[in-house]
There are 2 protein chains.
Amino acid sequence: MARKTGSHSEITGPLVRKAAQRLFARKGFAAVTMREIAAEVGVQAGALYLYTPDKQTLLFELMRTHMQEVLAAWEREPKGEGPLKRLEAFCRFHIRFHLERPDDVFIAYMELRSLTPENFAVIEKLRHEYEDHLEAILAAGQADGIFRIPDTRLATMAIIAMLTGVNTWFREGGRLSRERVERIYWNMVRRAVGA
Amino acid sequence: MARKTGSHSEITGPLVRKAAQRLFARKGFAAVTMREIAAEVGVQAGALYLYTPDKQTLLFELMRTHMQEVLAAWEREPKGEGPLKRLEAFCRFHIRFHLERPDDVFIAYMELRSLTPENFAVIEKLRHEYEDHLEAILAAGQADGIFRIPDTRLATMAIIAMLTGVNTWFREGGRLSRERVERIYWNMVRRAVGA
DNA sequence: TCAATAACTGAACGTCCGTTCACATCAAGG
DNA sequence: CCTTGATGTGAACGGACGTTCAGTTATTGA
């Protein structure tokens, strides 16, 4: 019997989430069956319902946890002083964090349409919160005359799209090291905002 | 009876492709049923098989046609002289063409994993062909000393990700006109490549 | 020792899936 | 006018789907 007050196994639960994460990222939410997830964990399909009320909630919790972890990690990140340092910190953080969690990132960007409207609204709000951190940096730099940006919202979207794109081609142990990729992207962003 | 030698209706066929395109873009390939597509067209599910051998081929042909149209349209595009003009032409073309076909673009970027390995290889090759057009421009500009790019392949991926990202937020009749968006993005790209 | 309970199985539920096919409809060609 | 062939219907196919649940097992606290 479990010691803790929380119900359900503390071993199988995380395994279910990890298996779902891998399979959702690889095949897409709609193409993954509960039986596949269960087989990956090593249990029967019925056992999954000890750890999630349904398939939709399994996806939603994965995405919500991921978005909250992004936000929390950015809070903890050392950012330096001034908009320029902060922008560099953001770019490097975004690339590094996303490369560490390719499956989560893939799901967060591809499976928005698989969420119910209520769940979508929650995730969308968290995503917007993250984008606002970048936009605030750009607006501060613009106000200081350090950046030359015609539209901070547009620049925010452009930079995030560019940085997130790393996940589509970067391979560990490939031609370019992560540090080198970070530096090159940071330089492109710095020049793009006119600094 | 049809005059032309080609089999099948020349009215319903395109309707099937359009309905599939809309639904695949909105809900994802795996989440769309043949019965849904048929209902959108106004026929029974069985009738779809007069126009496609199966669901997978329907997706594949949509993606192949789209990629071929992108390549053909870029061929026709007036490009101007020199790497700088050509890069501007590419950026403006990419944004404009993609905004004109949001459903096709969404499918082309999201449903790669829904393709069989053989079909995936075909689409991937066409996509690479398109990327190579941009990379050639960047390499030419780098050779001429007009651009300052540490890695042309990386810059290619970064620019395409950034430009394609417009589709995720741009809305016709919104705060920014398409022309203004084109100009701002082009300026960001120009500065990002050091020109 | 034994009742309690967490963890899980295996079968079943109603439904929906992609696809097939025998048959109906109907405009046009000879 | 009557055959032909394109165009479609509607029912059916076997299988897979998400989810439920009665029952089995194993481990624990008292």
Rg(Cα) / (2.2 N^0.38 Å) computed for chain A, rounded to two decimals: 1.18
Residue by residue through B:158-169, how many Cβ atoms from other chains fall within 10 Å of the Cβ on average? 6
Using the Kirkwood radius built from alpha carbon pairs, what does the Stokes-Einstein equation give as D for segment A:108-190 at 10 °C and 1.306 mPa s, in µm² per second? 107
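Tell me which DSSP H helices of chain B clear both cut-offs, 20 Å or more of axial length from alpha-carbon atoms and a mean Kyte-Doolittle hydropathy of at least 0.5.
none
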Charged-residue dipole, Cβ positions (Lys, Arg, Asp, Glu), segment A:144-193 about Cα centre, Debye nearest 20: 180
Using only alpha-carbon positions, what ratio does the radius of gyration of the protein assembly as shown give when scaled by 2.2 N^0.38 Å? 1.08
If one takes the accessible area of chain A alone plus chain B alone and subtracts that of the pair, with a 1.4 Å probe, what total in Å², rounded to the nearest 100, results? 2800
Just list whichever of A:LYS125/B:LYS18; B:LYS18/B:LYS55; A:LYS85/B:LYS85; A:LYS18/B:LYS125; A:LYS27/B:LYS27; B:LYS27/B:LYS55 have alpha carbons separated by over 22 Å in the model shown. A:LYS125/B:LYS18; A:LYS85/B:LYS85; A:LYS18/B:LYS125
Pick out which of B:GLY28, B:GLY141, B:GLY173 has the largest mean-square fluctuation in a Gaussian network model of chain B, springs linking Cα atoms closer than 10 Å. B:GLY173
Using only the Cα atoms of segment A:70-113, construct the convex hull and provide its projected area averaged over every direction, in square nanometres to one decimal. 3.5
Could you give me the percent of Cα pairs per 5 Å distance bin for segment B:152-195, shortest bin first, beginning at zero and ending with the bin that holds the maximum distance? 5, 20, 28, 23, 13, 7, 3, 0
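Taking each residue of B:133-144 in turn, how many C-beta atoms of other protein chains fall within 10 Å of its C-beta, and what is the average?
That works out to 0 on average.
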Can you give the accessible area per residue of chain B, in Å², using a 1.4 Å probe? 50
Take the alpha carbon atoms of segment B:69-145, find their center, do the same for segment A:128-195, and report the distance between the two centers in whole angstrom. 22
Measuring nothing but label to label, 7 Å from Cα along Cα→Cβ, what are A:TYR49's distances to the other copies in nm, shortest first? 3.4
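What's the average, rounded to a whole number, of partner chain beta-carbon atoms within 10 Å of each residue's beta-carbon in A:180-191?
Taking the mean over all residues of the peptide, I get 4.
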Could you tell me what percent of the accessible area of chain A is made up of carbon and sulfur, with a 1.4 Å probe and every protein chain present? 54
Ratio to report: Rg/Rh of segment A:69-155, with Cα atoms as the point set and Rh obtained by the Kirkwood method; give two decimals. 1.02
Sum -39500 (n - 2.57) across every DSSP H segment of at least 4 residues in chain A, then divide by the residue count to get the 222 nm mean residue ellipticity, nearest 500. -22500 deg cm²/dmol
Could you rank the peptides A:72-82, A:119-129 by their average count of other C-beta atoms within 10 Å per residue, with the highest value first? A:119-129, A:72-82
Please build a GNM for chain B, connecting alpha carbons under 10 Å apart, and tell me which residue among B:GLU118, B:GLU88, B:GLU135 fluctuates the most. B:GLU118
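The values are calculated or read from the model by the stated rules, or taken from the named source; none is laboratory data. None of the values given here were measured: they were computed from a predicted structure. Positions of Cβ are backbone-derived with ideal geometry, glycine not excepted, and every protein chain shown enters the neighbour counts. Note: accessible area is taken over every heavy atom of the protein model, side chains too, but ligands, DNA and RNA are not part of it. Shrake-Rupley method; radii C 1.70, N 1.55, O 1.52, S 1.80 Å.
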